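Worksheet: the structure to be examined is printed underneath.
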Amino acid sequence: MSFIESVFRRLQRHPKRIVFPEGENRRAILAGRRFYELGLGVPILLGRRAVIEDLARRDRIPFDHLGVINPETSADLPDFCRYLETLDRYKNFGLADARSLLLNPNYYASMMVQYGRADGVVGGIDSPTTSLLRPLLRVVKPSGSQDLVSSCVVADTGREDVGHKGVVVMADCGVIPSPDVEQLAAIALQAGHLCRQLTGEVPRVAMVSYSTRTSSAQAGTTEKMSAAAALARQHAQSRHLEMEIDGEFELDAALLANSAKAKGVQSAVAGRANVLVFPDLNSGHIAGKLAGILGSRAYGQIVTGLTKPAADVSRSDDIDTIAAVAAIVGLQAIEMRRLQEMAQEEKKKAR
């Protein structure tokens with residue numbers, strides 16, 4: 001069973017509602033239909049019903065079981081306007097301004113997931129990353145004390161000797177241009193947590209750079225990655241997280257056992273990493289794109305650091321990839337709900 005088939009199987013037991021803000025896009029309709037046909041849950045398309053139905057009819061896409069919401073005529077719009085005005089950023093907004101903002105499908109979708117009208121959101125099908133990311137950051141609550149949001153690409157390489165049965169989580173590939181040591185440490189924990197959610201395996205997080213810690217190369221970047229690894233380990237230990245974190249490593253020393261051995265690196269992570277953390281957005285974004293172009297199945301960007309699951313896909317992604325990303329978001333929703341319930345139980349016990 002492939003990685004994505006295991007995701008499908010787990011989600012089929014607990015189907016979820018995924019909202020697609022770009023519902024008037026043909027690829028969004030096809031991806032939503034694929035999501036439904038796989039038994040993964042209910043796709044919700046935002047847009048004008050007449051436009052969406054016409055697109056579906058022209059392409060002979062079965063339209064049954066596809067949810068459609070037009071934000072402009074939605075019964076939830078007045079409530080969402082009131083919710084928006086409770087947020088610090090929008091306290092001085094009037095009703096007209098709140099309504100105008102929420103007619104943007106990405107803002108409306110963000111409100112849907114924040115207030116339980118949907119379980120996750122998948123955007124970016126026909127728009128740049130910032131179009132979805134900005135509303136998410138402004139509407140959805142962060143999951144950690146740092147308020148740091150990053151993103152991951154999940155690459156299924158097809159190589160059993162790499163990562164977890166071929167699967168490697170890579171971060172940050174879409175959000176923070178030049179993270180500092182503290183941000184890199186937070187990114188490492190977020191990416192490790194996503195790896196655990198998706199694979200069930202202990203995350204082995206490698207902080208990667210252009211040198212391995214045993215080499216003579218020393219520069220600001222390598223020192224930053226080494227310091228970030230140490231800080232991430234400290235945070236993981238203080239939070240009792242089962243996670244191995246090490247670095248800095250070259251990419252081959254992180255992923256390939258023979259390379260790690262040849263370079264004299266002995267580590268629980270070296271040669272066995274299933275999570276890669278890159279020093280900056282240039283390297284992370286390039287690596288994520290390269291993985292897909294060179295034959296891996298690349299799923300992302302999966303947004304991390306929020307209390308609700310979301311993903312920003314590439315405008316070049318095919319229908320199957322978009323539906324698969326939606327499935328990953330749905331699986332995250334299951335895990336987030338479970339963790340929230342556990343936290344509530346712990347609070348009750350503490351009283």
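Key figures for this structure:
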item: Members of segment 108-161 that are assigned by TED's automatic domain parsing to the domain that holds Ala273, polar (S, T, N, Q) and surrounded by 24 or more Cβ atoms within 10 Å (Cβ to Cβ); result: Ser150, Ser151
item: Pick from segment 232-278, criterion in a loop (DSSP other than H, G, I, E, B), under 17 Å from Glu201 (Cα atoms) and of a type in the set (D, E, K, R), ranking: nearest to the chain's Cα centre (by Cα); result: Glu242
item: Long-range neighbours under 8 Å by Cβ, at least six apart or interchain, first residue in a loop (DSSP other than H, G, I, E, B) within segment 95-118, second small (Gly, Ala, Ser); result: Ala118/Ala109
item: Count - residues of segment 151-189 that are over 12 Å from Phe278 (Cα atoms) and among the hydroxyl-bearing types (Ser, Thr, Tyr); result: 1
item: Matching residues, segment 36-64, being within 21 Å of Ala326 (Cβ to Cβ), in contact with an Asp or Glu (Cβ under 9 Å, 6 or more places away or on another chain) and in a loop (DSSP other than H, G, I, E, B); result: Gly47, Pro62, Phe63
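The values are calculated or read from the model by the stated rules, or taken from the named source; none is laboratory data. None of these values were measured; they are calculated from a predicted model. Cβ sites come from the backbone with ideal geometry, for glycine too, and all protein chains shown count toward neighbours.
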